[in-house]
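Accompanying notes for the structure given below.
What follows is calculated from the coordinates using simple rules that are stated; it is not laboratory data. What you see is a predicted model, and the numbers here were worked out from it, not measured in a lab. When we count neighbours, we look across all protein chains shown, and the Cβ atoms used for this are built from the backbone with ideal geometry, even at glycine.
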Amino acid sequence: MADTGTSVPAVPRPESTPAPPDATVAYTDGACRGNPGPGGWAWAIPGGGWASGYDPATTNQRMEIVAAYEAVRSIEGPVHVVSDSTYVVNCFRDRWYEGWMTRGWKNSKKEPVANRDLWEPFIELALERGTTFDWVKGHSGDPMNDLVDRLAVAASHAERGAYADVPPTEDQLGPPDQTFGRSVTGAAGSGGAGTTLRGPADADALRPAVRDGRIPDGAPYAVVGVRSDALASTALGESLRRHLSRVIAAQAELRGDLVVLTGLRPGAEQIGAAAALDAEVPYAVVLPYPDPVAGWPEAQRSEFDRLVGGARSVVTLEQKRPTDTTGRRSALARRDGWLRSVSVGAIVVTDGVEGEADLALRKFTDALGDEVWQVELDGLR
C-alpha cells in the first residue's frame, strides 16, 4: 500500500475513473506562494457554481486538501472530485488512510502524518458521502483545471476568497498570467518585520472569503479571545460586556446587516453574545462539534442554553464530538479557521497572559487585516 507523511513521494499517476451517474463533478485546485506562504484554494462545477478561499500562511499540500474538502462539504449529494493532486487522489485511490489509522495516524516511517488536522475530518466525510476521485494533469489545457487554478491563484493575490452560483466572470478569475512567482509587498499575512497589515479600502465592499448559507445574510463579525469560566460574573466581565456592546453597536451603525459570530465558549465568546443582545444585533452560534458543553457545570450549561436560545441560527461544523482532548483542540482550531474564512471582521479579547488569545489575534489579523479590533482587558480595569 502506498503511503505518505511529512513529504510527498513520487507516486504513480492514478488511472482515470469515470464519475458515477448520480454524482456532481467538482474540479478542485490549491496553490501556494512560497510553500509555505500565502495560499488559495478553489472548487468549481462545470457550468455551475464555485467557491474559493485564502490562507495567509499555508502550504500547497494543505490547499489541495482544503479545496477538495470544501467541495465535498459544500455540495449536496454524491461528489466526484477531479484534482491534479496525486496527494489527494492517491490517498483515496490507494487507501493510504487505512494504514494511517491502523498505525495511530503514523506513516510507514512511524512519523506523524502530515496535515492530519485536515485529513481526518475530510476522510471521514468523504467515506461517509461515498466520494469518488479522479486525477487530471495540471496545466495541460483542461479548461476546468485551468479555471480552478486561476481561481485559487486569484484568491491568494486578493487575500480573500469568493463564491457564486454561476460560472465565474473573467474579472473573478484574475489575470490569466498571474502566477505565484510575484511578490506582494506589505500584504496582510506576510509576517515580516515592518509589514503593514492592509485592510479593505472601502468597508462597504467587504465580503467574506467563503459564504455559508447556514449563517444569516449580512456582514459576519467574529468575537473570540480570552477563555475564562469566571470572567462573566466579575466586575471586569461586566465592563467587558458594556465595552463590547458599544463596539458592536458602532459596527452595526456602519453596517446595518452586521451579524455577530460566537462559539459561546466561557469568557470572551459568551460575553460577546450577551453584548450583541444588549446592542440588539443578531448573532449566530458556531459550534465545532455536537454537545460542546458535555462535562460543564450546570450553571455554565444553563447560560450556554440561554444564549443558544437567543441566537438567530446555530451552526455545528462537524458531525461527531471528538473523544479526547487533542481531538477537541484540533476541532476548535478548525472552527477558528472557518470563522476566519466566513467573517469580514473580528473582535479579539486579550489579557496579555493567555497565549491562545494572542495566537487568535495574530491569525485573525493575518486573515482580515485592519478589520480586526483588539480589546485588552487591562484597559478596562
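Computed quantities for the displayed model
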| read-out | value |
| --- | --- |
| Nearest 10 degrees, 0 to 90: helix 355-368 Cα axis against the chain principal axis | 60 degrees |
| Of V260, V224, G327, farthest towards positive along the dipole that unit charges on Lys, Arg, Asp, Glu beta carbons give region 203-380 | G327 |
| Rounded Å value of the spacing that divides the Cα centres of region 217-283 and region 58-114 | 37 Å |
| Percent antiparallel among DSSP beta bridges (both partners in region 203-380, rounded to 5) | 5 percent |
| Dipole moment magnitude, nearest 20 debye, region 24-173 about Cα centre, only Lys, Arg, Asp, Glu C-beta charged | 640 debye |
| C-alpha long axis of helix 298-309 to longest principal axis of the chain, angle in ° | 70 degrees |
| By average C-beta atoms within 10 angstrom, highest first, the peptides 161-167, 222-228 | 222-228, 161-167 |
| Antiparallel %, DSSP beta bridges [both residues in the chain], to 5 | 35 percent |
| Degrees separating the helix 116-129 axis from the principal Cα axis of the chain, which is the longest one | 70 degrees |
| Charged-residue dipole, Cβ positions (Lys, Arg, Asp, Glu), region 286-370 about Cα centre, Debye nearest 20 | 360 debye |
| Check: the chain dipole with +1 on Lys, Arg Cβ and -1 on Asp, Glu Cβ, in debye | 740 debye |
| Listed residues H80, H139, H243, most fluctuating in the chain (Gaussian network, C-alpha, under 10 Å) | H139 |
| Proxy reagent accessibility, fewest Cβ within 10 Å first, across V113, V308 | V308, V113 |
| Ranked list, fewest to most other Cβ atoms within 10 Å of each Cβ, for E70, E356 | E356, E70 |
| Pairwise label distance in nanometres, Q319 with A235, each label 7 Å out on the Cα-Cβ vector | 5.1 nm |
| Per-residue Cβ neighbour rank within 10 angstrom, fewest leading, T132, T234 | T234, T132 |
| Highest to lowest packing among 120-127, 342-349, 363-370, scored as the average C-beta count within 10 Å | 342-349, 363-370, 120-127 |
| MRE, 222 nm, helices only [DSSP H, n ≥ 4, -39500 (n - 2.57), over the chain, to nearest 500] | -11500 deg cm²/dmol |
| Dipole axis of the chain (+1 Lys, Arg; -1 Asp, Glu on Cβ), positive-most option in P46, I271, S233 | S233 |
